[in-house]
1. What is the stretch 184-337 by shape, rounded, prolate or oblate, if you read a ≥ b ≥ c off the alpha carbon gyration tensor as root eigenvalues and call it rounded for a/c under 1.5, prolate for a/b larger than b/c, and oblate otherwise?
2. Once you charge only the Cβ atoms, +1 for Lys and Arg and -1 for Asp and Glu, what is the size of the charge dipole of the stretch 4-151 about its Cα centre, to the nearest 20 debye?
3. Pull out the extension gain between Glu311 and Asp363, defined as 0.36 nm times the separation in residues minus the alpha carbon to alpha carbon distance; nm, one decimal.
4. Name the long-range amide H neighbours of Gly385: under 5 Å, sequence gap of 5 or more, or other chain; modelled H, no Pro or chain starts.
5. Among the GluC sites (Glu not before Pro) in the stretch 172-271, which ones are in a DSSP loop with at most 10 other Cβ atoms within 10 Å of the Cβ? Mind listing them?
6. Based on the Cβ-Cβ distance of Thr163 and Lys349, what FRET efficiency does E = 1/(1 + (r/R0)^6) give at R0 = 56 Å, to the nearest 0.05?
7. For the stretch 80-139, with the dipole built from +1 on Lys and Arg beta-carbon atoms and -1 on Asp and Glu ones, taken about the Cα centre, which of Ala136, Pro121, Leu83 lies farthest toward the positive end?
8. Indicate the gyration tensor shape class of the stretch 1-99 (rounded, prolate or oblate), computed on the Cα atoms with a ≥ b ≥ c the square roots of the eigenvalues: a/c under 1.5 is rounded; otherwise a/b larger than b/c is prolate and the rest oblate.
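The values are calculated or read from the model by the stated rules, or taken from the named source; none is laboratory data. From a predicted model like this one, the values you see are computed outputs, not experimental measurements. Please note: Cβ atoms are built from the backbone with ideal geometry, for glycine as well, and neighbour counts cover all protein chains shown. For the accessible areas, the whole protein counts, side chains as well, though only heavy atoms, and no ligand, DNA or RNA atoms are used. Shrake-Rupley method; radii C 1.70, N 1.55, O 1.52, S 1.80 Å.
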Amino acid sequence: MASDRLDVLVVGGGAREHALVRALRKSPRIGRLIGAPGNPGIEDDEVTAAIGAEDISALVAFVEREKIDLTVVGPEAPLVAGLADRLRDRGFAVFGPGADGARLEGSKAFAKEVMQAAGVPTGQAATFTDHRQARAYLQEQGAPVVVKADGLAAGKGVIVAQTMAEAEAALLECFVARSFGDAAKTVLMEEYLEGEEVSLLSIVSGHQILPLAPAQDYKRILDGDAGPNTGGMGSYSPVPAVDEELYERLVQEVVRPTVAELERRGIDFRGCLYAGLMLTGNGPKVLEFNCRFGDPETQALLPRLESDLLELLWAAARGEALPARAEWRRGAAVGVVMASRGYPASSSKGDVITGLDRIREADGAEVFHAATARTADGLLVTAGGRVLTVTGLGDTFAEARARAYAGVAQVRFEGEQHRSDIGRRAEEWEKRGGTAAAESPA
Ligand code: AMP
Ligand code: GLY
């Protein structure tokens, strides 16, 4: 460090990483801020390095050459592949767990084992490496049931089977068609759970935790949660269903025991622990753990964060003390994902995007780029499925939604699709008399 400014590398190139970059820039201590590979939105704000998020050796070489003080890893794949370990071995600070902690996301069987050992509430599940045994179990259990590939499958390895036929087909995908490759060498069959889904992300520094505000993510492509699963079509925060008491319960019954169990196993987790929860009639249950910030939850969380994100990530990366609570802007945030034609089955590239310049932070809306690209003559075009997130901030859900959708209405590209109901239920709750700021923990 030449001064007390910190040079930061953010690994990844989605809207989550764009939101991380924006929040880090607000810190008085930020020095150089670089995205690898970044995207055109990050490039407009900061600088980017043309290194893929999964090119571990090139990332390590870059950190060494540029003497990066802090590396913040957005996506899971480089964490599971050991990027954080490689950097820590060389003495560099990293926000993101080593491969041992990243197994919480990289292996659903491992995550189950940790939850069972820690007494964390989760759906009942059994693990199989043999198609015949899995089918025999299915005959016993019946449908609905959830079939999950153990390993990373680019967000596609979970099949919620409503019927026996769907469950049989899912097992065929895993064991015979091998659609998920080695990720489905081991397969979990999990009890089907019903309820409201909530994401609770915590910054973890060894045995210390800083839980963030609860958020909700919309996984299906169409309004009313219809159509196929996607990488996430929108999010909002905070979540009316999570009052102070439930929030405390989630921290005490899920986050603390999980982190304690990791510690008991000698895992020094320094990063974001993401608990995907189902609020069932029998209490909250963990659906999954991720070892990183959620996308699109981050695009709704970070615009409301008033604490210095850089200080929090820097402390966690070095195993230092975290504050007991983060500070949040009052009110709500709603993030709407704009996707390209054909998503999620396919996606379209090269469609010209216009209108982004009409979205201004002064109007309470912000745009985070994901799959965008710049052509040689400087046009902004689509470059994949989830193209942008537009986040609206407001004192109420109604205001945050209105601002997000006013922003969305400014943006045009051929075949554009978005959901029109992001945050709607929170707004309805508010209309019935709920107050985001007063009743939510954060
Ligand atoms: P996951 O990647 O484990 O979060 O699964 C993706 C999505 O599948 C979740 O967000 C849920 O909507 C759904 N899901 C996962 N596990 C279950 C379960 N046990 N019961 C019902 N739905 C589930
Ligand atoms: N929002 C789901 C995820 O980040 O995995």
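1. Cα axes put the stretch 184-337 in the oblate bin.
2. Approximately 280 debye in magnitude.
3. Extending this stretch completely gives an extra 15.9 nm.
4. Correct list: empty.
5. Answer by residue number: Glu194.
6. 0.95
7. Ala136
8. Oblate, because a/c is 1.5 or more while a/b does not exceed b/c.
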